[in-house]
Amino acid sequence: MESIPILIVAIPILAAILIGFKAPARTTAMLAAIANVMLASLLCLKFDHTAPAGVFQFASSLAVLDQPSISLAFGVDGMSLIMLLLTVIVTLASLWTISDKVKSPRLHFVSALLISAGALGAFLSTDVFFFYAFHELALIPTFLMIGMFGRGENPRKVAWTITIYLGLGSLILLAGLVALVYHTPAQSFDMTTLLGSVVDSGAQKWIAALLIVGFGTLVSLFPFHSWAAPAYAAAPTPVSMLHAGVLKKFGLYGLIRLAVPLLGEGMAIWADWLLVLLLGNILFVGLVTVAQRRLDLMLGNSSVMHMGYIFLGIAALIASGGNNSLALNGALLLMFAHGVSIALQFALAGKIEERTGRLEFENLGGLAKKLPALGLLFGLGAFASIGLPGFANFAGELMIFLSAFKGIAVGDTPLAELGNLQWAAIAAFWGVVISAVYMLRAYRSIFMGDEPRGGITAGKPLDFEEKLPFIILAVALVVVGFFPRILLQYLG
Amino acid sequence: MPAYILEFLLVGFGLILLMIESFTTLKNKAVLGKLSAAALLIVFGLLFAVDSSADLGDTFRDYYHTDSAAIFFKGIALLTTLSVVLLSLDFLPVLRRGINGPEEADKGSQGGIGEFFSLPLFTCAGLMWMASAKDLVTMLVALETVTISFYVLVASMRRNVGSLEAGVKYLILGALSTGFLVYGIAWVFGATGTLSLEALSAASPEQWSTWAATPTLMFGVVLVLIALGFKVGAAPMQLWIPDVYQGAPTPITAFLSVGSKAAGFIVLWRFLTPFLASEAMAPKIILILAFITGATLIIGNLAAIGQSNFKRLLAYSSIAHAGFLLLGIVSDAPFSTIGFYLGAYLLMTIIAFAVLTVIRSRTGSDELVAFDGLAKRSPFLAFALVVSMSSLAGVPLTAGFWGKFLVIAAAVDAGHYILLTIAIIGAAAGFYYYLKVLKNVFWNEPDEGIDLDSQPIGITTKALIIAYTAGIFFFGIYPTPLFKALEEPAPAAQTAQR
């Protein structure tokens, strides 16, 4: 059983290598993705619910360096299991959307597999070094893919922006992580040892700042968000799905896994700043999203905006010193839900573009009549994204909002006694309205009306194989929406 | 077997090659290159048979280190030289034209090839001896063996103006730096009365405070630092690098970039160890080094951004890497960090030069535009460049990342936050200029006029690229073997030696 996490990371890399050596691309990639879904399910089945929190199961480790202590170690706990499920589901769907009609499908499959392997490695690593290292596996494929096959006006400029931005962000993160480890007595990169130790309180403030900026850049925290929307808009569909859906959660996962438990004092110092920044994500970027006139840019911005809610969950966690299980559950649930829903939306946007060649709202319209299945699925994705009950996003957002009010007696507390966190949560709630405005408007201009305005054709209705990746994602959203316990049971 | 046998063996092989060239009539002197490679391979094999605890006898005991750092760097020197010789075999057509002029070369003239393949053996012997230098005179002599053979190698394409220009520049600046070195050594000797670095290490704190009381010793140390700065390409002594790298024959550029730099760093490290261990001298030296480091990081990384010639880009990249290595030394990183960094640097730089050698001999150009659309013309070379550039840029899971990571970790540990900031900005700039190469390779369309398949890539070059690419990934994920090789033997043995 210990070898399963290793296998999960190795399979996509091996598949990518095989495809590089001329193995049939689509078959190999799909087999790898399905194998990973099955292995992940196996881990879910065998997961020991009685194990105490913070213990990595199915753990294996190979010592690499003594001083500082680094090992190539993999393992799973509840948090990483949820991220693992998100990754394998989105990977399966994103690989499926790569059609053989694209230019150089082989490169598409290899890149998507490597990005996925990077995310899997990061989520399954129980050593901070490799946790960081695997995440960067996506850097070069993303750069090459956006530059070669990007859409929009100037994909190459976008490719440079994302690469330099994320490169710099991850270097800052690296400095922060190294400082974090070096300010513990054991100086070990092993997560279990690290999480069991205490970080020098004098150094906490600056380490926390480095981690917030470093992880924050990767998650597109306001004001480090400007790379994200253009990059997602420009990237080929599978890359945007994996990047926005999965890879971006790495930063949040890192903050929840390392920064919150280890840097209680340090994070508390920046908590109010974090509230300002996350409101920047929700309200400012939210309004920017409303102003978008292209579907891909709108989705990119909406993805940036929704990061704000998860940061709100993290802020609630910080405020309670890490002991707010409602906030933790809500944040992880929303990470999963957002990952699936944004992947679904980017996949649908890719399909709309494939069929009509357009993504500007003014040139689309009436697609619901031509492609009813697409309309239904887009509606599901849009409702999920707004946070309507019945979808996983709703459950996550609700838990986060409630968690911000933990310990506040409803009705008895005068408004004046609410803290910054509570006010931020109240302000953040307006984000839901903003989401509704842009999502419904997008739906209206793309799907409602009689005919497409740009004089475009939509082709024949979607066949089953085209629909399948969307269905997988939509089903995941609805099932988790109705039964969030499917995921939350792993958090204990 | 004591380690110094290897150097003698190598010099012997070099002499034999020269004899073969003089006394036989070879139609195709490429065979000398193969013999040279075979000699290097034999010595590399023997490196593993070296008994590092063997008694060196009175002749060598005080002049010659056989610690793991020395052995490791002998390995680096041998591998670099072997790679250079193998690349030269693929570069032979260009080389023959450069040495003999196009008309003569077309007639089949083989002039100068024999020397070109035997000189690297002497250079390598010098590099290996440098790694073992225990005192300043041995250091100087070994360094000069290397430098003098490099003067010839750099200028060897004598019908090529660029190569000659590079040769002259290298000669003048190299001679200048030798002057600094000798002068500096004289001052150090004058101040301390010893040339032995071991004796300096063993000196008592009182002795150090007497030495440090007057500026004499410091003056000598600074002169030596300037001279070694030339060798490793530290700012502001880096000015020669871009021009010389650009003009020298491509395999020799690789040799300069890896071999010369690695040897420079081990000498720098050996020289600085006693001074950095003394409380009286260390703060001042660290301050000087910190300025040099900051300047090297800034100049190397920022100047690389604007380059459109691949060789010049690699030249500035080598300056940038010198900056990172210096940061390691300033931050008092353990020697394994420096050693590992240089080992990784060897792998990734040689791949880059191997690809460049192929491109140069097919297209006649070193410019980045010559790489346009390489992904379509030769997926193999394109992949090799992806690996090499990612590793140079420090993308995780490559060997290059470990080097940068350990240096950054050392800097965090030492608390050099200003230098760390510069290094991080520099590394981010690195993402730009290394990926710029990949931009040409993947994004740009190939120039139809240039046919890459006209000559297949030489089997040795191909094997070299495959082996080093595998090495980058292997050591990127599991660097332990290299760290084990760099580990000092148990400290008990060391004190017994003293």
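Can you name every residue in the stretch B:388-437 that is over 18 Å from B:Ala303 (Cα atoms), among the β-branched types (Val, Ile, Thr) and out of contact with any Asp or Glu (no Cβ under 6 Å at 6 or more places or on another chain)? Scanning the stretch B:388-437 gives B:Thr398, B:Val407, B:Ile408, B:Val412, B:Ile418. Residue count for the stretch B:369-414 satisfying the condition of being assigned to a helix (DSSP H, G or I), at the interface with chain A (Cβ under 10 Å from one of its Cβ atoms) and of a type in the set (Val, Ile, Thr): 4. Among the criteria (1) open to solvent by 10 Å² or more (accessible area, probe 1.4 Å); (2) out of contact with any Pro (no Cβ under 6 Å at 6 or more places or on another chain); (3) within 11 Å of chain B (Cβ to nearest Cβ), the one A:Phe149 does not fulfil is (2). Can we say A:Val110 is farther than 21 Å from A:Ile342 by Cβ, open to solvent by 10 Å² or more (accessible area, probe 1.4 Å), in a helix (DSSP H, G or I) and among the hydrophobic types (A, V, I, L, M, F, W, C)? The answer is yes for A:Val110.
Where helices (runs of 4 or more DSSP H) fall entirely within the stretch B:147-223, those with at least 2 residues that are in contact with an Asp or Glu (Cβ under 8 Å, 6 or more places away or on another chain) and open to solvent by less than 40 Å² (accessible area, probe 1.4 Å) are at B:161-192. I need a count of the residues in the stretch A:311-328 that are farther than 17 Å from A:Gln422 by Cβ and either within 15 Å of the chain's Cα centre (by Cα) or surrounded by fewer than 24 Cβ atoms within 10 Å (Cβ to Cβ) (or both). So the count comes out to 3.
Taking the criterion of being touching a residue at least 60 places away in the same chain (Cβ under 8 Å) and more than 21 Å from A:Gly121 (Cα to Cα), the residues of the stretch B:470-489 that qualify are B:Leu482, B:Phe483, B:Ala485, B:Leu486, B:Glu487, B:Glu488, B:Pro489. Of the residues in the stretch A:19-28, none is farther than 24 Å from A:Lys101 by Cα and either away from every other protein chain (no Cβ under 14 Å) or touching a strand residue (DSSP E or B) at 6+ places or on another chain (Cβ under 7 Å) (or both).
A count restricted to the stretch B:54-74 and to residues that are touching a residue at least 60 places away in the same chain (Cβ under 8 Å) and assigned to a helix (DSSP H, G or I) stands at 7.
For the stretch A:389-489, please list each of the helices (runs of 4 or more DSSP H) lying entirely inside it that holds at least 2 residues being over 28 Å from A:Ser320 (Cα atoms) and of a type in the set (Gly, Ala, Ser).
Values: elements: A:392-404, A:420-447, A:464-482, A:485-488.
It comes to A:420-447, A:464-482.
Within the option set A:Ser170, A:Ser125, being more than 9 Å from every other protein chain (Cβ to nearest Cβ), under 22 Å from A:Leu252 (Cβ atoms) and open to solvent by less than 10 Å² (accessible area, probe 1.4 Å) holds for one residue only, A:Ser125. For the criterion of being open to solvent by 10 Å² or more (accessible area, probe 1.4 Å) and within 14 Å of chain B (Cβ to nearest Cβ), A:Val158 passes. Confirm whether B:Thr480 is among the β-branched types (Val, Ile, Thr), within 16 Å of B:Ala382 (Cβ to Cβ), open to solvent by less than 70 Å² (accessible area, probe 1.4 Å) and at pLDDT 85 or above. The answer is no for B:Thr480.
When the test is whether a residue is modelled with pLDDT under 90 and out of contact with any Cys (no Cβ under 8 Å at 6 or more places or on another chain), A:Gly118 does not pass it. When B:Ile422 is tested against the conditions (1) open to solvent by 10 Å² or more (accessible area, probe 1.4 Å); (2) modelled with pLDDT of 90 or more; (3) facing chain A (nearest Cβ under 10 Å), the lone failure is (3). The sole residue among B:Ser361, B:Ser365 that is in a loop (DSSP other than H, G, I, E, B), open to solvent by 20 Å² or more (accessible area, probe 1.4 Å), at pLDDT below 90 and farther than 23 Å from B:Glu487 by Cβ is B:Ser365. Looking at the stretch B:1-17 only, could you name the residues that are open to solvent by 40 Å² or more (accessible area, probe 1.4 Å) and either modelled with pLDDT of 90 or more or acidic (Asp, Glu) (or both)? Once the filter is applied, which keeps residues that are open to solvent by 40 Å² or more (accessible area, probe 1.4 Å) and either modelled with pLDDT of 90 or more or acidic (Asp, Glu) (or both), the stretch B:1-17 yields B:Phe8, B:Leu9, B:Val11, B:Phe13, B:Leu15, B:Ile16. The sole residue among B:Ile252, B:Ile286 that is open to solvent by less than 10 Å² (accessible area, probe 1.4 Å) and either without any contact (Cβ under 8 Å) to a residue 40 or more places away in the chain or in a helix (DSSP H, G or I) (or both) is B:Ile252.
Of all residues in the stretch A:185-217, those being of a type outside the set (A, V, I, L, M, F, W, C), buried (at least 19 other Cβ atoms within 10 Å of the Cβ) and within 14 Å of chain B (Cβ to nearest Cβ) number 3. Residues in the stretch A:28-50 that are modelled with pLDDT of 90 or more and open to solvent by 80 Å² or more (accessible area, probe 1.4 Å): 2 in all. Which count do you get for residues in the stretch B:18-45 that are surrounded by 20 or more Cβ atoms within 10 Å (Cβ to Cβ) and among the small types (Gly, Ala, Ser)? Residues in the stretch B:18-45 being surrounded by 20 or more Cβ atoms within 10 Å (Cβ to Cβ) and among the small types (Gly, Ala, Ser): 4 in total. Against the conditions (1) out of contact with any strand residue (DSSP E or B) (no Cβ under 9 Å at 6 or more places or on another chain); (2) of a type outside the set (Asp, Glu); (3) over 24 Å from A:Ala327 (Cβ atoms), A:Phe189 satisfies every one except (1). Screening the candidates A:Val88, A:Val55 for the property of being away from every other protein chain (no Cβ under 13 Å), open to solvent by less than 10 Å² (accessible area, probe 1.4 Å) and farther than 25 Å from A:Gly176 by Cβ yields one hit, A:Val88.
Check the stretch B:368-386 and report whether any residue there is in contact with a Pro (Cβ under 9 Å, 6 or more places away or on another chain), of a type outside the set (S, T, N, Q) and buried (at least 24 other Cβ atoms within 10 Å of the Cβ). The answer is yes; a qualifying residue exists. What about B:Ser88, is it touching a residue at least 40 places away in the same chain (Cβ under 8 Å) and assigned to a helix (DSSP H, G or I)? When the stated conditions are applied, B:Ser88 passes them. Summed over the stretch A:66-85, the residues that are within 14 Å of chain B (Cβ to nearest Cβ) and at pLDDT 85 or above give a count of 6. Residues that are aromatic (Phe, Trp, Tyr) and in contact (Cβ under 8 Å) with a residue 60 or more places away in the chain within the stretch B:378-422 comprise B:Phe380, B:Phe383, B:Phe401, B:Trp402, listed in sequence order.
The values are calculated or read from the model by the stated rules, or taken from the named source; none is laboratory data. No experiment lies behind these values; they were computed from the predicted model shown. Ideal geometry is used to build each Cβ from the backbone, glycine not excepted, and the neighbour counts take in all protein chains shown. Please note that ligands, DNA and RNA were not included when accessible areas were found on the heavy atoms of the full protein model with its side chains. Shrake-Rupley method; radii C 1.70, N 1.55, O 1.52, S 1.80 Å.
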